[in-house]
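Notes for the one structure printed next.
The values are calculated or read from the model by the stated rules, or taken from the named source; none is laboratory data. These figures come from a predicted structure and were not determined experimentally. Cβ sites come from the backbone with ideal geometry, for glycine too, and all protein chains shown count toward neighbours. Surface areas here come from the heavy atoms of the whole protein model, side chains and all, with no ligands, DNA or RNA. Shrake-Rupley method; radii C 1.70, N 1.55, O 1.52, S 1.80 Å.
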Amino acid sequence: MDKRTIAMTIAGFDPSGGAGILNDIKTFESLGVYGTAVITALTAQNVHDVAGLLPVDTEFIEKQMDTVLEGEDIGYAKTGMLYSPEIVKTIASKVQEYKLKLVVDPVMVAGSGGSLSKKDFAESLKKDLLPLAVLTTPNIHEAEILSGMKIENEEDAVEAALEIGKYCDKVVVTGGHLKGSDIFYNSSIQVFEGELLESDNTHGSGCTYSSAVTAMLSKGWDTGSSIKFAGKFVKESIRHGSRGTLNQMWKFEDPVQFNLKSV
């Protein structure tokens, strides 16, 4: 294997290729990060509908993680769909064992509306996994569930971020459903202004965002710069997307335009 940075995604498998593991690997690869993957569930879905879901046994999830992490030096990992409290606890144990720096994308409901989590999942996430994470990246709907608050405007999103910050030191409430701005909590609140694109090519946008953040963190960027980059990267991936999904493999002509650490 070459000397590229290696990261891990721990998530569900979307056979349509738009979200989940396949999306994460595409995002890692487009940003020059070698992606490894641990599958938590199989789904039968496309960009419009989730027709079925089959969770992976927790012992086999452990075996996947052990086998990869014993063979590779991986610093950063991200989670996507974990589905059940049992899987959450399994991942939490392994994160501690291998001292992984973890980005949590708290996937609970598919963009098409299908449920991707069991009862009591959110409570387990807050109790068992968010305290171990370096960042969590809920969208507006996920932030409502985690905070127990209704979010109708930017002020509500700020309050939700503060509430979720009781469980995780760093929180970014992504703005894809609220004027395009991201709300970042890191002991204080920062608002990263953005634009809201009119597009149907949004299936997997949350996966792309959290994967892009993870990729840049693994390459040594700080959290704020990684978040700014991910916001721009997702919007361009949507802009270049087709058939309801993003295109993470578009190639921007001038990488310097995305080196937000120099701004």
(message) So for the chain, averaging the separation of alpha carbon pairs under 8 Å that are six or more residues apart and normalising by length, what relative contact order in percent results?
(response) 17 percent
(message) Could you work out what % of the accessible surface of the chain is carbon and sulfur, using a 1.4 angstrom probe and leaving DNA, RNA and ligands out of the count?
(response) 48 percent
(request) Please find the FRET efficiency linking Ser188 to Asn153, where r is the Cβ-Cβ separation and R0 is fixed at 30 Å, and quote it to the nearest 0.05. (result) 0.95
(request) Could you size up the charge dipole of the stretch 172-253 around its Cα centre, putting +1 on the beta carbon of Lys and Arg and -1 on that of Asp and Glu, and report it in debye to the nearest 20? (result) 180 debye
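Quick check on the stretch 171-247: take the gyration tensor over C-alpha atoms, sort the square-rooted eigenvalues as a ≥ b ≥ c, and tell me if it's rounded (a/c under 1.5), prolate or oblate. Provide the component values of the computation, followed by the final result.
Working: a/c = 2.47, a/b = 1.42, b/c = 1.74.
Taking the square roots of the gyration eigenvalues as a ≥ b ≥ c, the stretch 171-247 is oblate.
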(request) Output the antiparallel fraction of DSSP beta bridges having both residues in the chain, as a percent to the nearest 5. (result) 40 percent
(request) Please give the length that would be gained between Asp73 and Arg239 if that part of the chain were fully extended, namely 0.36 nm times their separation in residues minus their C-alpha to C-alpha distance (nm, one decimal). (result) 56.3 nm
(request) Find the centroid of the Cα atoms in the stretch 120-159 and in the stretch 81-99, then give the distance between the two in whole Å. (result) 18 Å
(request) Please give the per residue accessible area of the stretch 1-125, computed with a probe of 1.4 Å over protein heavy atoms only, in Å². (result) 44 Å²
(request) Quick one: accessible surface of Tyr98, probe radius 1.4 Å, all protein chains present, in square angstrom to the nearest 10. (result) 50 Å²
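Assuming 0.36 nm per residue, please report the length gained on full extension of the stretch Met249 to Asp169 beyond their Cα-Cα distance. Let's see the in-between values first.
On the way: separation 80, 0.36 × 80 = 28.80 nm, distance 3.16 nm.
Length gained between Met249 and Asp169: 25.6 nm.
Give the average over all directions of the projected area of the C-alpha convex hull of the chain, one decimal, in nm². Display every interim value, and only then the final one.
Values: hull surface 51.3 nm².
The orientation-averaged projected area of the Cα hull of the chain comes to 12.8 nm².
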(request) Round to a whole angstrom and tell me the spacing of the C-alpha centers of the stretch 188-209 and the stretch 223-247. (result) 7 Å
